[in-house]
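> Once you've had a glance at the structure underneath, I'll fire off some questions.
The values are calculated or read from the model by the stated rules, or taken from the named source; none is laboratory data. Just so you know, these numbers come straight off a predicted model, no measurement behind them. Every residue, glycine among them, receives a Cβ derived from its backbone with ideal geometry; neighbour counts consider all protein chains shown. Side chains are part of the model used for accessible areas, which takes the heavy atoms of the whole protein and leaves out ligands, DNA and RNA. Shrake-Rupley method; radii C 1.70, N 1.55, O 1.52, S 1.80 Å.
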Amino acid sequence: MHTPRFFKSSFSAVVLVFLSITTKAQTQLPQLGKDPVSAIVKAMTLEEKVQLVTGTGLRFAGSGPVVGEADGRVPGAAGNTMNIKRFGIPGTVLADGPAGVRIDPFHKGDSTKSYYATAWPVGTLLASSWDTALVKKVGIAFGNEVKEYGVDVILAPGMNIQRNPLNGRNFEYYSEDPVVTGYIAAAMVKGIQSNGVGTSIKHFVANNIETNRSSINAIISERALREIYLKGFEITVKNAQPMTVMSSYNKVNGTYTSERYDLLTTILRNEWGFKGIVMSDWYGGRDAAAQMKAGNNLIEPGSKSKQQMIIDAIKDGSLPESDLDSNVEQVLNYILKTPSFRHYRYSNAPDLKAHAVIARKAASEGIVLLKNEGNALPVKKNIRLALFGDGSYETIRGGTGSGEVNTPYNVSIFEGLTHAGYKLSGTVSEMYEAFIKDDQKAHPKKGMTLGAPRMIPEIAATDLPITEAAENNDMAIFTISRNAGEGTDRKVDNDFNLSATETANLTAVANAFHAKHKSVVVLLNIGGPVETESWRNQVDGILLVWQPGEEGGNAIADVMSGIVNPSGKLAVTFPVKYEDEPSARNFPGEPGPRIPTEAIYKDGIYVGYRYFNSFHVQPAFPFGFGLSYTKFKYSNLKLSSSSFRGKLTANVTVTNTGSQPGKEIIQLYLSAPHKNMDKPAEELKGFAKTMLLKPGASQTITFSVKAIDLTSFDTAQSAWVAEAGKYTLKIGTSSEDIKLSAIFSLNKVIIVEKDHKVLVPELQIDELKNNGK
Ligand code: BGC
């Protein structure tokens, strides 16, 4: 363009003057990392402060299971925080989720590479390993992918209590027990955060129901909250200091968790010493000003309306600006810890091959052997197998929703067994493969799936070559698969219970193979418990393989072949029937409205084995149960003292008395006196896993019991109280099978910890009590 000479030079002079003014002004502005955070807060406008405590919103991307796009940097990341350049504040990136880094596998305009991430085994499987060192190792590799894909915080681990088998998100969570949950989550947080990235433990708290999750009111006693639902979070916060905590969607005792000062500040920060930030779940809660007051520092994914709510509340005086400032300050302190602040140059090339090896190992360690009649397993390589069930070919690696991962591949059971060198029945496999292919063509997967996805129907027994298969093969493998995810809960019919087709197929396969004296092994490819009582006697072996991640088929083959001796144990009870669960009486909520608006937790502290053991209800498979290809003997239980004075240690020796190398999970339970307090029959207080013990080898494990382990939460005093009397310390191979026990006494009542009187329910709850003293 032709510009007159005079105009050109005077224009550049103006630009120069302007530039020098802004540069001068900018250099006078406090900068993040150089100046105190309080100075930056002071210099920010109200609008900037509000922007920093609300994410930049969510954009839907077209392809794949993708929620949004953060800051344009990491396509598919769920959210972000705002950058404010004039103070040197970078944006940060938040991505799901518990089973792996959930980002878009392809970037627009970049056909040179993909951005796949490792799909780790689901949380329930990892917890079934009871192996904190292994989980930490997974966390270290997982965190490396978080960092190398340019993410600052991974929205994981999920650690709500598995209160009821139908919860659609159980696969993302660890256990029905807070001690297992808390220590497994702490190991995961430590592993991930060792990379200099953050975690967001979620969903805080009592998000145990997916039906109407964004407004359901969970009415829970103070004691059940403290002992069951908060306890796991408390253990993780105190032991691993996660960078962030995600508040949940639901209300607790009448108020949204993200709007509760007593939960987010009194308990989390003042009582437990949490140092990071709290973010809301996506669009969680209603009142942004109340969230600010409560100490829910960051509102995700952020919206104009939430921003306006905060501005209005400041302007009308209902929200003191100092409350907003305190949240801004905490968000700035969080940003200072992130890779984005350090300008970390991420590679977009984590070592997925190396991580796959860890994923395979982890999966094999959390697989649980539930039944092994006549040593049906392990299976020799020259044995010919017939594989039934869609899940043998389309193995479910993990659940749906934000717990899903874009993974480069998914090793099915068929593929895993093929890699391992097994001979598989061609006739049966070809029929399933053709059927599945046709079904997938007719029902292509479209984008992200939430909740329970459509499952491929099972081929009816009458159409399967079962008789011929029993003739030509040595053994039948029958896979039962389930899938679920956020937003909906599972159902009893055709989900917790087997479908009519599954039942008929299993009976037909069992009859045909047993008629030829050949065995049948069921593989449970599930994310939460299913009914087993009606069919378990028809089969020789049951291997609970959970949803084992991208390397599942290989890991299953490792266990089936005996390369890995199964050592997983149940971190959740399998009831005989769904109705046996105490929470079944009002799950997902109070009967009445079609969509329940409240759930009264009448089961109180009697969740999982605490209920089954105390009320003498026989489960199908108890908490802590799992078989091995070898046997273990427990001996020499020794307590450091027979009376408790502040601390006590217990030593126990475990010996491998079988013929295979193996690992054993040792569980420590306490039975407390029940003089003035209602107590479960026993409660888990510690656990340990041995190293791989060769036949004949022993290991001595030392547990330490602290005063807090003797206590229950006394509501009247808001304190953790240990009653005087005799305590029985039990060492079990499961919650039902106690191998050794010893008694110690406490000669006077002790108040171990006094807490605040908070989270009081709005009504009297008619809670279960253990009358079987
Ligand atoms: C889920 C969270 C998840 C978030 C972001 C929500 O719907 O409950 O677990 O981290 O979305 O995707």
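> If we count every other residue with Cβ under 11 angstrom of ALA476's Cβ, Lys/Arg +1 and Asp/Glu -1, where does the sum land? Walk me through the numbers on the way to the answer.
On the way: positive: ARG384, LYS516, LYS518; negative: ASP474, ASP540.
Within the 11 Å Cβ shell, the charges total +1.
> Hey, got a sec? Which trypsin sites (Lys or Arg not before Pro) in the stretch 442-492 land in a DSSP loop and have at most 10 other Cβ atoms within 10 Å? Provide the component values of the computation, followed by the final result.
Working: sites: LYS445, LYS446, ARG454, ARG482, ARG490, LYS491; in loops: LYS445, LYS446, ARG454, ARG482, ARG490, LYS491.
Answer in residue order: LYS446, ARG454.
> Would you mind computing, in nm to one decimal, how far apart the modelled labels at LYS353 and ALA742 are, each placed 7 Å from Cα along Cα→Cβ?
5.1 nm
> Taking R0 as 30 Å, what FRET efficiency do you get between ASN511 and GLN618 from their Cβ-Cβ distance, rounded to the nearest 0.05? Don't jump to the answer; show the numbers that get you there.
Numbers: r = 27 Å, r/R0 = 0.91.
It comes to 0.65.
> Follow-up question, since we're still on this one. Under the rule of at least 5 residues apart or a separate chain, name every residue whose amide H is placed under 5 Å from the amide H of ASN217.
Placed amide hydrogens put LYS251, GLU598, ALA599 under 5 Å from ASN217.
> Mind pulling the angle between the C-alpha long axis of helix 321-336 and the longest principal axis of the chain? Nearest 10 degrees, somewhere in 0 to 90.
70 degrees
> Let me ask another. Using θ = phi - 60° and the Karplus relation 6.51 cos²θ - 1.76 cosθ + 1.60, list the HN-Hα couplings for the stretch 617-629 in order, rounded to whole Hz, with x at every Gly or Pro.
After applying 6.51 cos²θ - 1.76 cosθ + 1.60, I find 9, 6, x, 5, 9, x, 4, x, 8, x, 8, 9, 7 Hz.
> Nearest 5 is fine: what % of DSSP beta bridges in the chain come out antiparallel, could you say? Numbers along the way, then the final one.
Working: 57 of 95 bridges.
Rounded to the nearest five, the antiparallel share is 60 percent.
> If I take R0 = 35 Å and measure r between the Cβ atoms of GLN764 and ASN270 in this structure, what FRET efficiency does the formula 1/(1 + (r/R0)^6) give, to the nearest 0.05?
Values: r = 28 Å, r/R0 = 0.79.
With a Förster radius of 35 Å, E is 0.80.
> Additional query: What is the Cα coordinate range of the stretch 541-614 on the first, second and third principal axes, sorted by size from largest, in whole angstrom?
Projected onto its principal axes, the Cα set of the stretch 541-614 covers 51, 30, 19 Å.
> Quick one: accessible area per residue over the stretch 661-708, 1.4 Å probe, rounded to a whole number of Å²?
Working: 1820 Å² over 48 residues.
Heavy-atom SASA per residue in the stretch 661-708 reads 38 Å².
> Between LYS445 and GLU471, what FRET efficiency comes out of the Förster formula 1/(1 + (r/R0)^6) with R0 = 35 Å and r the beta carbon distance, rounded to 0.05?
FRET efficiency, GLU471 to LYS445: 0.45.
> What residues have an amide H closer than 5 Å to that of GLY686, excluding those fewer than 5 places away on the same chain, when H is modeled at 1.01 Å from N in the peptide plane?
Amide H neighbours of GLY686, under 5 Å, 5+ apart: LEU668.
> Now for a different question. Note the full-extension length gain between ASP35 and THR503 as 0.36 nm times their separation in residues minus their Cα-Cα distance, in nm to one decimal.
Numbers: separation 468, 0.36 × 468 = 168.48 nm, distance 6.77 nm.
That pair, ASP35 and THR503, stretches by 161.7 nm at full extension.
> Please state the shape class of the stretch 495-608: rounded when a/c is under 1.5, otherwise prolate if a/b exceeds b/c and oblate if not, all from the C-alpha gyration tensor.
On the way: a/c = 2.57, a/b = 1.70, b/c = 1.51.
Note, shape of the stretch 495-608 comes out prolate.
> I would also like to ask the following. For the stretch 343-433, what is the largest minus smallest coordinate of the Cα atoms on each principal axis, given in angstrom and ordered from greatest to least?
Over the stretch 343-433, Cα extents along the principal axes are 58, 29, 26 Å.
> Rounded to two decimals, what is the ratio between the C-alpha radius of gyration of the chain and 2.2 N^0.38 Å? Please report the intermediate quantities before stating the final value.
On the way: Rg = 27.7 Å, N = 773, 2.2 N^0.38 = 27.5 Å.
That works out to 1.00 for the chain.
> Using the crude model of +1 on Lys and Arg Cβ and -1 on Asp and Glu Cβ, and no other charge, please compute the dipole size for the chain relative to its Cα centre, in debye to 20.
Working: 83 positive and 78 negative charges, 476 e Å.
With only Lys, Arg, Asp and Glu charged at Cβ, the dipole is about 2280 debye.
> For a quick protection proxy, order the peptides 197-208, 692-703, 332-343 by their average other-Cβ count within 10 Å, most packed first.
Taking the mean over residues of other Cβ atoms within 10 Å, the ranking is 197-208, 332-343, 692-703.
> Another question, if that's okay. Cα-based Rg (one decimal) and Dmax (whole number) for the stretch 675-767, in Å?
Just the Cα atoms of the stretch 675-767 yield Rg and Dmax of 17.4, 58 Å.
> Okay, moving on. How big is the stretch 713-767 in terms of Cα radius of gyration and Dmax, in angstroms?
Rg then Dmax for the stretch 713-767, in Å: 16.1, 43.
> Now for a different question. Can you pull the Kirkwood radius for the stretch 494-533, inverse mean 1/r over Cα pairs, to one decimal in Å? Mind dumping the intermediate values first?
Working: mean 1/r = 0.0887 Å⁻¹.
Mean inverse Cα-Cα distance, inverted, gives 11.3 Å.
> Using only Cα atoms, what Kirkwood radius does the stretch 260-378 have, in angstroms?
Numbers: mean 1/r = 0.0547 Å⁻¹.
So the Kirkwood estimate lands at 18.3 Å.
> Run a plain Debye calculation on the stretch 203-262 (Cα atoms as equal point scatterers, no solvent) and give log10 I(q)/I(0) at q = 0.16 Å⁻¹, rounded to two decimals, same order as the q list.
-0.49
> May I have the convex hull volume per residue, in Å³, for the Cα set of the stretch 369-510?
134 Å³
> On to the next question. So how many Å³ per residue does the convex hull of the Cα atoms of the stretch 196-323 work out to?
Details: hull volume 14.2 nm³, N = 128.
Spread over its residues, the Cα hull of the stretch 196-323 gives 111 Å³ apiece.
> Could the peptides 560-572, 734-746 be put in order, highest first, of the mean number of other beta-carbon atoms found within 10 Å of their residues? Present the calculation step by step, with values, prior to reporting the outcome.
Working: 560-572: 24.4, 734-746: 16.8.
Top of the packing list down: 560-572, 734-746.
> While we're here: So what J values fall out for the stretch 505-511 if you push phi through Karplus, 6.51 cos²θ - 1.76 cosθ + 1.60 with θ = phi - 60°, rounded to Hz, Gly and Pro as x?
4, 5, 4, 5, 5, 4, 4
> Mind pulling the angle between the C-alpha long axis of helix 231-240 and the longest principal axis of the chain? Nearest 10 degrees, somewhere in 0 to 90.
On a 0 to 90 degree scale, this one is about 60.
> What three numbers, in Å, describe the spread of the alpha carbons of the stretch 28-176 along their principal axes, ordered from the longest?
55, 39, 29
> Using Cα-Cα distances under 8 Å and only pairs 6 or more residues apart, what relative contact order does the chain have, in percent? Present the calculation step by step, with values, prior to reporting the outcome.
Details: 1925 pairs, mean separation 107.8, N = 773.
Relative contact order, the chain: 14 percent.
> Now for a separate question. What are the ³J(HN,Hα) values, in whole Hz, obtained from phi via the Karplus relation 6.51 cos²θ - 1.76 cosθ + 1.60 with θ = phi - 60°, for each residue of the stretch 638-645 in sequence order, with x given for Gly and Pro?
10, 9, 5, 7, 8, 10, 8, 10
> Could I ask something else about it? Please list, ordered by chain and number, the residues whose modelled amide H lies under 5 Å from the amide H of MET243; skip anything fewer than 5 residues away on the same chain.
Hits under the 5 Å cutoff: THR199.
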